[in-house]
1. I need the peptides 172-185, 41-54 ranked by packing, meaning the mean over residues of other C-beta atoms within 10 angstrom, with the highest value on top.
2. Computing the accessible area with a 1.4 Å probe over protein heavy atoms, can you report the carbon and sulfur percentage for the chain?
3. I'd like the accessible area for Leu192: 1.4 Å probe, protein heavy atoms, all chains in place, Å² to the nearest 10.
4. Probe 1.4 Å, all protein chains in place: accessible area of Tyr59 in Å², nearest 10?
5. Suppose each label sits 7 Å from its Cα in the direction of the beta carbon; what would the Leu81-Thr120 distance come out to in nanometres?
6. For Glu104 and Ser27, calculate 0.36 nm times their separation in residues minus their Cα-Cα distance, and state this gained length in nm to one decimal.
7. Calculate, in nm to one decimal, what Arg72 and Glu157 gain on full extension: separation in residues at 0.36 nm each, minus their alpha carbon distance.
8. So how do 72-85, 126-139, 156-169 stack up, highest first, on mean other-Cβ count within 10 Å?
Amino acid sequence: RRGAVPSAYVLRPQFTSLEDFCRQLKSPYRSKIVHSMRKFDSACLSVEQIYGSNIAEHYTAEVHSLYEAMWRRAEYRLEKLPADFFREIARAFGDRASMTLIRESGRVIAFAFGLTEGETYYNLYGGVDESRNDALDLYFNLNYRELDRAMQRGASEIHLGQTSEEFKARLGAEPQPLFFYARARGRVMNLLLRTMK
């Protein structure tokens, strides 16, 4: 039996940077991005991008706590991954693994973790300090930095994940339907599964 889960959003940019991308957007969308980025710039935050095995030493308990907090707030909770998962993936995938860190006064307040395969970038996991999110538009600014980095590295397809549908659609990302399948073992359970809606 097939069931639907929230769609994933995929952006196929024809641009080489976020600046170039913004120039092509309609004025209302562009002004929202500019407004968010001004908040970010006025706060004197630092952005650091790390690749491969170097991620392991930067993926601290502090960074992982941002991931766990975002997982707890999520409407759809899938697997909860341990910190070592991120470190091991970074080591295994080498420079195809990337992590963006945003710091305020030296403290990490947001991060994104992703993988690149050929010209496709997958923005997989992240976290933001919710107490600073509204003042700095952290979630939006983190995604803008990730888009800019992916475009500058030549990504022709950027997977933005599930949820935050309005924000991702506004960027021009297209929904990609996803499904799960369930199969019952045994005749009685199979009959029960068929009656479920």
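The values are calculated or read from the model by the stated rules, or taken from the named source; none is laboratory data. These numbers come from a predicted model, not from an experiment. Please note: Cβ atoms are built from the backbone with ideal geometry, for glycine as well, and neighbour counts cover all protein chains shown. Note: areas computed on protein heavy atoms with side chains; ligands, DNA, RNA excluded. Shrake-Rupley method; radii C 1.70, N 1.55, O 1.52, S 1.80 Å.
1. Result, highest mean Cβ count within 10 Å first: 41-54, 172-185.
2. Heavy-atom surface of the chain belonging to carbon and sulfur, 1.4 Å probe: 51 percent.
3. 90
4. Using a 1.4 Å probe on the heavy atoms, I get roughly 0 Å².
5. Here the answer is 1.7 nm between the modelled labels.
6. That works out to 24.7 nm of additional length.
7. Additional length available on full extension: 27.7 nm.
8. Ranking, from highest mean packing down: 126-139, 156-169, 72-85.
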